[in-house]
Amino acid sequence: MLLKHLATALAALGAAFILYIGLSYLLTPQTTAPDFGIPTWPQHEGAAFLAVKGVRDIATGLVILALLLTGHRRALGWAMTAIAFVPAGDMVIVLASGGPAGTAYGVHGSTALAVLLTAGLLLRERVGGGRPSTDTYASQHR
């Protein structure tokens with residue numbers, strides 16, 4: 001039961017964090033962008049790409065919240081496994097762009113690991129009787 005609460009807390013924290021980051025990219029993009037780790041950022045007309053990142057991050061947080069709030073924990077585990085690709089990809093982008101390795105690994109790499117850890121906890125959960133959770137309507141209403 002403790003691991004279930006831990007997984008819930010980590011998922012909720014992850015959702016809140018990425019929603020905050022997404023909103024920051026929409027509301028104060030030029031202030032937020034340098035923390036990403038890429039040496040240069042789009043200016044003028046290209047600055048819309050910062051809003052694209054903000055929308056992507058907000059959507060990610062909303063997916064996590066929707067699955068968490070509806071109780072689809074196994075689906076949340078698989079979604080978070082897939083979502084871990086985003087910070088892992090961001091880490092590679094920062095490194096390939098000549099950004100600081102500390103930011104690449106410390107911010108993006110550690111985020112990818114935290115997301116994968118949360119996904120692993122969610123996917124290990126069992127329902128009553130010791131069988132893996134399927135989160136299907138039929139299995140919940142037998």
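Some observations on this one:
- Residue count, the range 86-102 (criterion: more than 10 Å from the chain's Cα centre (by Cα) and open to solvent by 30 Å² or more (accessible area, probe 1.4 Å)): 11
- The set of residues in the range 54-84 being of a type outside the set (G, A, S), farther than 20 Å from L26 by Cα and touching a helix residue (DSSP H, G or I) at 6+ places or on another chain (Cβ under 8 Å) consists of L67, L68, R73, R74, L76, W78, M80, T81, I83.
- Close pairs from the range 44-57: first open to solvent by 60 Å² or more (accessible area, probe 1.4 Å), partner in a helix (DSSP H, G or I) and not hydrophobic (A, V, I, L, M, F, W, C), Cβ under 8 Å, at least 6 apart: V55/G22; R56/G22
- Test for P29: is it farther than 30 Å from M1 by Cα and open to solvent by 60 Å² or more (accessible area, probe 1.4 Å): no
- Checking I83 against (1) surrounded by fewer than 20 Cβ atoms within 10 Å (Cβ to Cβ); (2) touching a residue at least 24 places away in the same chain (Cβ under 8 Å); (3) closer than 29 Å to K4 by Cβ, the condition it does not meet: (1)
The values are calculated or read from the model by the stated rules, or taken from the named source; none is laboratory data. Bear in mind that the values here come from a model prediction, so they are computed numbers and not experimental data. So basically every Cβ, Gly included, is an ideal-geometry build from the backbone, and we count neighbours across all protein chains shown. Protein only, heavy atoms only, side chains kept; ligands, DNA and RNA dropped before computing areas. Shrake-Rupley method; radii C 1.70, N 1.55, O 1.52, S 1.80 Å.
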